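The values are calculated or read from the model by the stated rules, or taken from the named source; none is laboratory data. None of the values given here were measured: they were computed from a predicted structure. Because the Cβ atoms are built from the backbone with ideal geometry, glycine has one as well, and the counts that use them run over all protein chains shown.
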Amino acid sequence: MKIRVRVNGQSYESDVEPRKLLAYYLREDLGLTGTHIGCDTTTCGACTVLLDGKAVKSCTVLAVQANGRDVMTVEGLEQDGQLHPLQTAFWEEHGLQCGYCTPGMLMSGYALLQDNPNPSEEEIRRGISGNICRCTGYVNIVKAIQSAANKLADAAEESGDSAKEVSTSGSSSD
Amino acid sequence: MALHQTELRPLGKCVGRKEDPRFIRGKGRYVDDIMLPGMLYMYLVRSPYAHARIKSIDTSAALQAPGVKLVITGEDLEAMNLAWIPTMANDQQMVLATGKVLYQYQEVAAVIAETREQAVDAAQLIDIEYEPLPVVVDPFKALEPDAPILREDREKKSNHVFHWEAGDREATEELFRNAPVVVKKDVRFQRVHPAPLEPCGCIADYNPSTGKLTWYVTSQAPHAHRTVLAMVSGLPEHQIRVISPDVGGGFGNKVPIYPGYVAAVVASLKLGKPVKWIETRTENITSTGFARDYHMTCEIAAEEDGRVLALRVKTIADHGAFDAAADPSKFPAGLFSIVTGSYDFKEALVEVDGVYTNKAPGGVAYRCSFRVTEAAYLIERVMDVLARRVGVDPAELRKRNFIRKEQFPYKSPTGWTYDSGDYEKTLALALEKIGYEELRKEQAEKRARGEFMGIGISTFTEVVGAGPSHTFDIMGIKMFDSAQIRIHPTGKVIARLGVRHQGQGHETTFAQIIAEELGLSTDDVLIEEGDTDNAPYGLGTYASRSTPTAGGAAALCARRIRDKAKKIAAHLLEVGEEDVVWDGVSFSAKGLPGKSVTMKDVAFAAYTNLPEGMEPGLEATYYYDPPNLTFPHGAYIAVVDIDKGTGAVKVRRFLAVDDCGTVINPMIVDGQVHGGLTEGFAIAFMQDIPFDDEGNCLAPNWMDYLVPTALDTPHWETDRTVTPSPHHPIGAKGVGESPNVGSPAAFVNAVVDALAPLGVEHIDMPIFPWKVWQILREHGVTE
Amino acid sequence: MRTYQGDFVIDLPRSSVWAFITDPERVGPCIPDLLKLDVESETRFHAVVRVGVGPVRGKFKLSTELTVTEPEVSAELSIRGGGMGSGVDMKAKLTLSDTENGGTKLDWRCDAAISGPVASLGGRLIDNEAKKITEKMFNNLSKALSSVSEQVAATSEETAEPGLKE
Amino acid sequence: MFPNSFEYIAPKTLMEAIELLKQHGYDAKVVAGGQSLLPMMKLRVAAPSILIDINNIDELKGWRNESGYLRIGALTRHADLEHSEELREQYPLLAETAVWIADPLVRNLGTVCGSLAHADPGSDWGAAMLALHAQVEVAGPEGKRQVPIDDFFVDTFTPALEETEIVTAVLVPTPVGRVGGRYLKIERKAGDFAIAGLAVHVSLASDGTVAEAGFGICACGPIPLRGKRAEEYLLGKKLTPETIEAASRLVPEDAEPADDLRGSAEYKRDVLRVFAKRGLSDIAKELQGEVVLR
């Protein structure tokens, strides 16, 4: 079947078997191997990508179902050679070890912060509960997402219109 | 924390990981990411039966299927003398089944096709006729005289694999005969699986024109794998290049050689093309090395005040169909005899009997130094039983029995020499930090209100870092490890090691060690591992051995370079070598203030301005054979609350105080501890691989083999004490596994402590809610 | 091993019931969701059945062998086969006894062992399903036998061809 | 893993989809969110030869209030209901239930109606819709029909659907009075199918008596089950510690749990009782504010 998919802002036209899962399409047809596969039961979330802005498990979406839609993968986070604050935060907070879950975690974290720019620890844990990490014990992933939230808020404050209320402290991270 | 580390003297600092930039960009390179031109795909046909005779295999339809290049069966391998391969435990294991299958999901045939899809489709066309045989899943039943003999290939017509023991039987029994107090408990450590996020897989790429096989494989021990492959396949070892690219977690799962690997190599040899085999999660859990599965009976003889005298342990070890444990050769039960733990037992006797059953083979060390987890769990669990029996607080009982600081080096009754430790200090810090007294008060109040809150302590001792080579070998290969360091003219360093990390951060921590020794910064040092054509020989990364062995090799290798550098520095400083002083960042001349040269100066001179007659260059190789193991320890405390209505256990707090000797990178140590605690938590509360009577694996994937999410996992608290190892070059001991070794007992002790008012002394893991509910119910407790 | 059992009474003499249950041509079609029946001999037949539980759909190939334990009293059906990468091994024991009013009571007991991914994966559901399929099989048998008995009643002269269409 | 090969068709209208089902019947499967079906196809325990993707059928999207009920279209995702602030007041059980289903990633794709049509005994929506006394709207060659939720679950994985029919919506009656809803679930791990689950729906009349009561039992029988005895008992009564206690004892009587690796039947029954008590007590507190509980 012929499909046309936008991935990380670039359009691709491909001919795929209907049974091809989006994860394999990204990895094998487009060479975007940042999207990983870690299970066969839609459990681990290593394959998480954004589909029209929503975080989904790309091992449980058919490539043909992405026809005409927008996909964002971990490779799309970095813009113009600049790491996304979430990527930097994972690095700084030691939010990864073997790196295999990391792309999926980043995409879930990204989607979470889009919906909820200032999540609590509980909300972060819930937000990434579809992503399994076998290495970190999640403590530093949670910290990284909190840190990224702060970075993004600071960046928004700097670039955007001046905040109406200025908090007494510059940093609210714990 | 600094991401880029240009600072000198980086040891002990939180340096941002050098490996992370590729991972956070999705640019890691794992085996399945590698696509080679003309690459074929392999898929394995597996047995639905746990025990059955193979009557026939019809591959004709599969061979006709689109894209299929080759189908391999056990008979084909027999013709090549490759139907069986040796395991690391002096047993042998089938590659593709011949005659009969011995466990569900056992490999029976391999299909190689142009695409993954074609291989899987064709595999479904292979028609295998089985005749089911009686299944044995219970190791105790397997030992009964009328049990069916599972292993027809062995001379010994019994399902008994081995008997092994340590300690002094007579002396132990004598103490038991006269002991005022004896406690006895049956304790099970259930079958679990390391299940790293990346499953196992490989690409075998045999080039017929050069005769060279390049083997990309998810390997924790690439050099050992190369040697084994050479011995098994008959390929010359220098014609085999093993590349272990980025590895998505190992935890012991990626130490053995699996049938799929061998089948892929055979396929590539036959076809002269690269063949990729990547297992599914289901295949990973159902067929690759499981861990634990120990049925233990523990007895402690003690004085009335709880001071311990002797320990007696009998164990039935269920190895499944093949003993494919990844233990050092002389230790069929791994380092299980460390079971006297942190306590000063006078005598001990430890016995282990291995048994075959119709289950997947293995007995790997899952984030653990060869069965030390079973040992630590057992002793920490039963010490709590003793505390209860003699009416002493579990913290106090431990203090009474600790090996004292001044007793180190301490010779244990089962033959270990503990290098160093300060158990009282570590426990004291943990008790203070968690607020033990307050918690006990809170617990008393809650008990008065009929609520169930528990506090669990585990003060474990680990044993890690195998060698030394006089005692430790795997298939005869001595367990040392290695480093090779080369300093380029501009002072930049490339270092290669014989180990292979899978997330532990070697690219950073080993750079820190080397930079520290050479007076450079971490950014000056590039660490490479995992390519046998480049790195010196080493036994690999497992059993927390990288820092104790390769870390030692890295430091001593750097010192070897420093020795030469000193000579060059003397030349540059125009003084005698004996007048050159190294202060950690530069060489200076005694009595000549202000005159110094850095390692970078020396490096440049090593290629441009050498003393007469000196060999150019600045590099060294070091094979480090440690004089002893290292013995990290810790004090862990768990606080739990029990929901009376559902039996659910909530881990309210968990504090891990670790002592792993000298700390190289505190951030990484904390990360390792967080991860290990999470695995320990999962084992305590969620994980088991049960089988039904037909031998069907009832937890074959991540729907039923439960891995905790961020929502399930408690928030971990950590702290540490530092008792350096006296014999390790930088005093480091290794930490990756301590949290997995030490934590299960803390969790279970906490739950049992909560239920202690009901007279509960033990609950087997995993502690599912219904088990707790059942106990509450039996005692008339209900919401 | 899972064991299921049951019994039913047919308004036919024991000899007729015996003739029916020892005839693969007549017992075969009682297998639920039968796609193909291939009778090899008086005691052996092969069947292809459609397994369908919601989205779980596939074909199972089964080979059945009949063993007479005691003529006109008891027989054993061993059913072995598989599909979808899984195996089924069943032993069904049928015992006949006379009822007071000239009918026959059929007691059945079935020991089923299921191996492979279907058993591994379907932990939550497999027991219930295996039970239902087995019960359906014996329901079909019971129905087929009652329709024989009805036909016997209707056309008492003729030897009945059982109505097997449903 | 990936599925066996199949033909994929994504019709744009309901009529087309039904026409396809008429043509292919047994061999076809309808996919909406695919979060139950695709995993089964990947493990190859399901292998339809035709997959009919209904995601492009606009008329199945979204929800709206119609007279007397909320009509939730077949393409409504779990996450839509989880985050639907505007439904929280009148239909609190929807968001309460949604958040318990699998994980956020699955909730972004999986649909409420797909979950019902899948008829898994561990269906959280099955239990919730029982508690809400919903109707399932089904379309087939003969047009649309409504199936009361009690008749919809025939057996494990077997809904009251012909091979040619599609679930087009679920209709949740608009409650009268003040509404409380709770979904209580115990799982082996976050996102797992329930060990046992209970959906509780109560609305109070102006005099404080129970006007509507609904209990939906999850994972304790071959299909989701209704706690009928407790419902009947509570109607017309006030929520007091005594009535809550009595009702909670009745809930397990309608359950048919089995012993399995998740726990014994007895355990699951008792958890249902505890859940009923907790759910009702919470609702009582929320709606009345002053129930004294023992």
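Restricting attention to the stretch D:218-262, which residues are more than 22 Å from the chain's Cα centre (by Cα), under 21 Å from D:PRO121 (Cβ atoms) and of a type in the set (D, E, K, R)? Correct list: D:ASP259, D:ASP260. Quick check on this structure: which one of B:LEU150, B:LEU133, B:LEU125 is of a type in the set (A, V, I, L, M), within 14 Å of another protein chain (Cβ to nearest Cβ) and farther than 30 Å from D:ASN4 by Cα? Answer to the selection: B:LEU133.
Do you know which residues across the stretch B:745-783 are outside any loop (DSSP other than H, G, I, E, B), over 20 Å from B:ALA682 (Cβ atoms), within 14 Å of chain D (Cβ to nearest Cβ) and aliphatic (A, V, I, L, M)? Within the stretch B:745-783, B:ILE775, B:LEU776 qualify. Where helices (runs of 4 or more DSSP H) fall entirely within the stretch D:1-104, those with at least 2 residues that are in contact (Cβ under 8 Å) with a residue 24 or more places away in the chain and either in the same structural domain as D:LEU130 (by TED's automatic domain parsing) or β-branched (Val, Ile, Thr) (or both) are at D:78-82, D:92-98. Exactly one residue out of B:VAL232, B:VAL247 is buried (at least 23 other Cβ atoms within 10 Å of the Cβ) and of a type outside the set (Ser, Thr, Tyr), and it is B:VAL247. If you go through the stretch A:89-133 and keep only what is small (Gly, Ala, Ser), buried (at least 24 other Cβ atoms within 10 Å of the Cβ), more than 7 Å from every other protein chain (Cβ to nearest Cβ) and not in a helix (DSSP H, G or I), you end up with just A:GLY95. Among the residues making up the stretch D:255-278, a single one is away from chain B (no Cβ under 11 Å) and acidic (Asp, Glu): D:GLU256.
Among the residues making up the stretch B:504-513, a single one is surrounded by 24 or more Cβ atoms within 10 Å (Cβ to Cβ) and out of contact with any Ser or Thr (no Cβ under 9 Å at 6 or more places or on another chain): B:GLY505. One residue stands out among those in the stretch D:134-161 that are more than 22 Å from D:LEU94 (Cβ to Cβ) and in contact with a Ser or Thr (Cβ under 6 Å, 6 or more places away or on another chain): the one that is surrounded by the fewest Cβ atoms within 10 Å (Cβ to Cβ), which is D:PRO141. If you scan the stretch D:105-117, which residues turn out to be free of Cβ contacts under 8 Å to residues at least 40 places away in the same chain and not in a loop (DSSP other than H, G, I, E, B)? Within the stretch D:105-117, D:LEU105, D:ARG107 qualify. The residue list D:ASP103, D:ASP120 contains one member that is over 17 Å from D:GLY181 (Cβ atoms), over 13 Å from the mean Cα position of the chain (by Cα) and within 11 Å of another protein chain (Cβ to nearest Cβ), which is D:ASP103. With respect to (1) within 14 Å of chain A (Cβ to nearest Cβ); (2) surrounded by 23 or more Cβ atoms within 10 Å (Cβ to Cβ), the lone exception for B:ARG653 is condition (2). Scanning the stretch A:59-82 for residues that are more than 26 Å from D:ASP80 (Cα to Cα) and within 7 Å of chain B (Cβ to nearest Cβ) yields A:GLU75, A:GLU78. If I ask for residues that are of a type outside the set (D, E, K, R) and surrounded by fewer than 23 Cβ atoms within 10 Å (Cβ to Cβ), which ones from the stretch A:51-63 would you list? Of everything in the stretch A:51-63, those that are of a type outside the set (D, E, K, R) and surrounded by fewer than 23 Cβ atoms within 10 Å (Cβ to Cβ) turn out to be A:LEU51, A:GLY53. Screening B:ALA754 against (1) of a type in the set (A, V, I, L, M, F, W, C); (2) in contact (Cβ under 8 Å) with a residue 60 or more places away in the chain; (3) closer than 30 Å to B:HIS501 by Cβ leaves a single unmet condition, (3). Going residue by residue through the stretch B:78-86, is there one that turns out to be crowded, with 21+ Cβ neighbours inside 10 Å, assigned to a helix (DSSP H, G or I) and either within 14 Å of chain A (Cβ to nearest Cβ) or touching a residue at least 40 places away in the same chain (Cβ under 8 Å) (or both)? No, the stretch B:78-86 contains no residue that is crowded, with 21+ Cβ neighbours inside 10 Å, assigned to a helix (DSSP H, G or I) and either within 14 Å of chain A (Cβ to nearest Cβ) or touching a residue at least 40 places away in the same chain (Cβ under 8 Å) (or both). Residues in the stretch B:686-699 that are buried (at least 22 other Cβ atoms within 10 Å of the Cβ) and either over 16 Å from B:ASP293 (Cα atoms) or small (Gly, Ala, Ser) (or both): B:GLU694, B:GLY695, B:ASN696, B:ALA699. Determine whether D:GLU82 is within 14 Å of chain A (Cβ to nearest Cβ) and within 19 Å of A:VAL56 (Cα to Cα). Considered against the rule, which asks whether it is within 14 Å of chain A (Cβ to nearest Cβ) and within 19 Å of A:VAL56 (Cα to Cα), D:GLU82 comes out as yes. Among the numbered conditions (1) within 12 Å of chain A (Cβ to nearest Cβ); (2) buried (at least 24 other Cβ atoms within 10 Å of the Cβ); (3) charged (D, E, K, R); (4) not in a helix (DSSP H, G or I), the only one that B:GLU679 does not meet is (4). Among the numbered criteria (1) charged (D, E, K, R); (2) in contact with a Lys or Arg (Cβ under 8 Å, 6 or more places away or on another chain); (3) farther than 30 Å from A:ARG27 by Cα; (4) surrounded by 21 or more Cβ atoms within 10 Å (Cβ to Cβ), which single criterion is violated by B:ASP91? So the condition that B:ASP91 fails would be (2). In the stretch A:1-58, the residue that is farthest from the other protein chains (Cβ to nearest Cβ) out of those that are assigned to a strand (DSSP E or B) and of a type in the set (Gly, Ala, Ser) is A:SER11. What about B:THR608, is it touching a residue at least 12 places away in the same chain (Cβ under 8 Å) and not charged (D, E, K, R)? Against the criterion (touching a residue at least 12 places away in the same chain (Cβ under 8 Å) and not charged (D, E, K, R)), B:THR608 qualifies.
Listed here are the residues, each with its yes/no results for (1) assigned to a loop (DSSP other than H, G, I, E, B); (2) within 21 Å of the chain's Cα centre (by Cα); (3) of a type in the set (Ser, Thr, Tyr); (4) closer than 16 Å to B:HIS163 by Cα.
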residue	(1), (2), (3), (4)
B:GLU299	no, no, no, no
B:GLU304	yes, no, no, no
B:VAL313	no, no, no, yes
B:PHE331	yes, yes, no, yes
B:GLY334	yes, yes, no, yes
B:SER337	no, yes, yes, yes
B:PHE345	yes, no, no, no
B:VAL352	no, yes, no, yes
B:SER369	yes, yes, yes, no
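Residues in the stretch B:381-397 that are out of contact with any strand residue (DSSP E or B) (no Cβ under 7 Å at 6 or more places or on another chain) and of a type in the set (Lys, Arg): 1 in all.
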